[in-house]
Amino acid sequence: MAARIDPVSTGVLAGIVKAYDIRGICPEELSPTVARGIGYAFAAWSTAPQIVMARDMRPSGVSLAEAFADGVQAVGVDVIDIGLASTDLLYFASGHLAMPGAMLTASHNPASYNGIKLCGPGAAPVGAGSGLDEIAERAARGASSPPGGGRLSRRDLLDTFAAHVRSFVDVSGLESLRVVADTANGMGGLVVPAVFGPLPFEWELMYGELDGTFPNHPADPIQPENLVDLSERVRGIGADVGLAFDGDADRVFLVDERGRAVSGSLLTALVAQAMLRRSGPGPILHNLICSRAVPEAIVEAGGRPVRTRVGHSFIKAEMARTGAAFGGEHSGHYYFADNYRADSGLIAALVALEQLSAAQMPLSELLAPLDRYASSGEINTRVADVDEVLRRVGAHFSLFPQDHLDGLTVDGGDWWFNLRPSNTEPLLRLNLEAPDAPAVAERVSEITTLLA
């Protein structure tokens, strides 16, 4: 019989259970005891005989993974530990092995954080409304006399995963592009060489050492300041493209040959068109903060754009419903039906490199036809009353078409904006697009005065 599983405080759970995952400061919020309770709750909730598990390179991940596995085994469930991995490698393992999965990572958060991303068999999403609430409730109850008996084994799926990623492109058509990949001391340092090793690229790894203290810069490539080193290196050596991965290497952002950042929307549009050429006409998903260039590009390639809420659980569910081959988010997440509907920055990067190889032109020229509008980027504002501010902004723009798929979206004709609440803080996130930078500045000023 396994040792008692201590209940996890509801106060602790309220602070670390987010909309899509579990995340907190270690060990103050997310301790091995908490991880053990969550492991037990996940295994009991899933009712599967085996669970696959992995972790990223954060120092706290060693003890958290051991505790999580111990909690799973306390239910009598076996753990398949694939060791250090990127999140998309864990999702692949869940699909490949047809079992639930757990990835211990805090993605792009600072070194003091860690977390747990959970999925059902076949990389099915587990989040708020799809199991995470029930798992938290079980963790809060604990167990006085769990049966125990689960076993731990280890398995290496890195080479199998790398071959899977390469299967999304015609390797024979790849050119000897000069590629720089900044993996920010995250898990990209493991998976990028495994994927790129057999390919004809002249590639260089920046900050490839796995170091969860992030000694060079934060592993958050959506922030422009974290692309500076990559941009300088791309320009310095005359590279064709730069790739910037986040801490758990499931997101990627590109830098063109001039060192300029490529938005997630532009990469979504480029990959969407490639996937339509591969799979034929059909639905392609994009979230509602993507540029209008994305649905336009989808239509031009013979596809049918489907607009979704922000967040992987919504996109995966909509992919299943519509049969879409691909879905993209402005935040750098790219989902592939043939990847168990899970997201993978590596697959998106490789598809983009295939398109660049075929185009026989610089990346900036390849993307120029898709770069049609100016945008504000995401502007976060702390507000006292989220609902009241949304009501006030909606009333101010009442003469324009609006929808509430995710927060408030207003269509101003040649401009639009989305204002949506954060899932974890009293923040409103503004994304606005207009024909040019002066129009963006004018509209942003108008909206931000309403947020005070």
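With respect to A352, determine if the residue is closer than 30 Å to E175 by Cβ, among the small types (G, A, S) and open to solvent by 50 Å² or more (accessible area, probe 1.4 Å).
It is false that A352 is closer than 30 Å to E175 by Cβ, among the small types (G, A, S) and open to solvent by 50 Å² or more (accessible area, probe 1.4 Å).
Can you pull out the residues in the range 346-373 that are in a helix (DSSP H, G or I) and in contact with a strand residue (DSSP E or B) (Cβ under 8 Å, 6 or more places away or on another chain)?
L346, I347, A348, A349, A352, L353, L356, L363, L367
Which residue out of I284, I315 is crowded, with 23+ Cβ neighbours inside 10 Å, within 18 Å of S344 (Cβ to Cβ) and free of Cβ contacts under 8 Å to residues at least 40 places away in the same chain?
I315
Among what's in the range 382-417 and is small (G, A, S) and in a loop (DSSP other than H, G, I, E, B), pick the residue that is surrounded by the most Cβ atoms within 10 Å (Cβ to Cβ).
Let us first name the residues in the range 382-417 that are small (G, A, S), namely 384, 394-395, 398, 407, 412-413.
Then drop every residue that is not in a loop (DSSP other than H, G, I, E, B), which leaves 384, 398, 407, 412-413.
On the way: A384: 8, S398: 9, G407: 23, G412: 16, G413: 7.
Only one residue tops the list, namely G407.
Taking the options V252, V234, V241, name whichever one is open to solvent by less than 10 Å² (accessible area, probe 1.4 Å) and closer than 26 Å to R55 by Cβ.
After applying the criteria, what remains is V252.
For the list (1) at pLDDT 95 or above; (2) among the small types (G, A, S); (3) out of contact with any Asp or Glu (no Cβ under 8 Å at 6 or more places or on another chain), I need the number of the one condition that G377 fails.
(1)
Residues checked against (1) surrounded by fewer than 17 Cβ atoms within 10 Å (Cβ to Cβ); (2) over 16 Å from L30 (Cα atoms); (3) touching a Leu at 6+ places or on another chain (Cβ under 8 Å); (4) of a type in the set (D, E):
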site: M99; (1), (2), (3), (4): no, yes, no, no
site: T105; (1), (2), (3), (4): no, no, no, no
site: S112; (1), (2), (3), (4): yes, no, no, no
site: K117; (1), (2), (3), (4): no, no, yes, no
site: P125; (1), (2), (3), (4): no, yes, no, no
site: G148; (1), (2), (3), (4): yes, yes, no, no
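Return the only residue of L390, L432, L405 being touching a helix residue (DSSP H, G or I) at 6+ places or on another chain (Cβ under 7 Å) and within 29 Å of S313 (Cα to Cα).
Just one listed residue meets the conditions, L432.
In the range 257-266, what residues are open to solvent by less than 20 Å² (accessible area, probe 1.4 Å) and out of contact with any helix residue (DSSP H, G or I) (no Cβ under 6 Å at 6 or more places or on another chain)?
Scanning the range 257-266 gives V262, G264.
Working only within the range 268-287, note down all residues that are of a type outside the set (V, I, T) and over 19 Å from F253 (Cα atoms).
Correct list: L276, R277, R278, S279, G280, P281, G282, P283.
Name the residue that is farthest from D250 (Cα to Cα), counting only residues in the range 165-224 that are of a type in the set (S, T, Y) and buried (at least 19 other Cβ atoms within 10 Å of the Cβ).
Quick first cut of the range 165-224, residues of a type in the set (S, T, Y) only: 167, 172, 176, 183, 207, 213.
Of the ones still in play, those that are also buried (at least 19 other Cβ atoms within 10 Å of the Cβ) are 183, 207.
Values: T183: 11, Y207: 17 Å.
Checked the range 165-224; the qualifying residue farthest from D250 (Cα to Cα) is Y207.
Can you confirm whether the range 374-381 contains a residue that is open to solvent by 10 Å² or more (accessible area, probe 1.4 Å) and either among the acidic types (D, E) or part of a helix (DSSP H, G or I) (or both)?
So far as the range 374-381 goes, yes, one or more of its residues are open to solvent by 10 Å² or more (accessible area, probe 1.4 Å) and either among the acidic types (D, E) or part of a helix (DSSP H, G or I) (or both).
Report those helices (runs of 4 or more DSSP H) wholly inside the range 106-224 carrying at least 3 residues which are touching a strand residue (DSSP E or B) at 6+ places or on another chain (Cβ under 9 Å) and closer than 30 Å to T10 by Cα. I'd like the intermediate steps shown before the answer.
Working: elements: 132-141, 158-166, 188-196.
Output list reads 132-141.
Looking at L451, L432 in this structure, which one is more than 18 Å from H286 (Cβ to Cβ), aliphatic (A, V, I, L, M) and in contact (Cβ under 8 Å) with a residue 24 or more places away in the chain? Before you say what the answer is, go through the steps one by one.
Working: L432 fails: more than 18 Å from H286 (Cβ to Cβ).
Step by step, each of L451, L432 is checked, and only L451 is more than 18 Å from H286 (Cβ to Cβ), aliphatic (A, V, I, L, M) and in contact (Cβ under 8 Å) with a residue 24 or more places away in the chain.
Scanning for something within 30 Å of L13 (Cβ to Cβ) and more than 26 Å from the chain's Cα centre (by Cα), does the range 400-407 turn up at least one residue? Walk me through how you get there before you give the answer.
To start, the set of residues in the range 400-407 that are within 30 Å of L13 (Cβ to Cβ) comprises 404-407.
The next check asks that each one be more than 26 Å from the chain's Cα centre (by Cα); those that pass are none.
No, every residue in the range 400-407 fails to be within 30 Å of L13 (Cβ to Cβ) and more than 26 Å from the chain's Cα centre (by Cα).
So if I check each of A74, A19, which one is within 22 Å of the chain's Cα centre (by Cα) and either within 27 Å of E425 (Cβ to Cβ) or modelled with pLDDT of 95 or more (or both)?
The unique qualifying residue is A19.
Looking only at the range 326-345, count every residue that is part of a loop (DSSP other than H, G, I, E, B), small (G, A, S) and open to solvent by 10 Å² or more (accessible area, probe 1.4 Å) and tell me the total.
Looking only at that region, the number is 1.
Check off (1) in a helix (DSSP H, G or I); (2) without any contact (Cβ under 8 Å) to a residue 60 or more places away in the chain; (3) closer than 14 Å to L104 by Cα; (4) of a type outside the set (F, W, Y) for I51 and give me the number that stays unchecked.
The single condition I51 does not satisfy is (1).
Testing E232 on (1) of a type in the set (D, E); (2) without any contact (Cβ under 8 Å) to a residue 60 or more places away in the chain; (3) in a loop (DSSP other than H, G, I, E, B), one condition comes back false. Which one is that?
Condition (3) is where E232 drops out.
The values are calculated or read from the model by the stated rules, or taken from the named source; none is laboratory data. Treat the numbers as computed from the prediction; the structure is a model and nothing was measured. No Cβ is skipped: glycine too gets one built from the backbone with ideal geometry, and neighbour counts run over all protein chains shown. Accessible surface areas use protein heavy atoms only, side chains included; no ligands, DNA or RNA. Shrake-Rupley method; radii C 1.70, N 1.55, O 1.52, S 1.80 Å.
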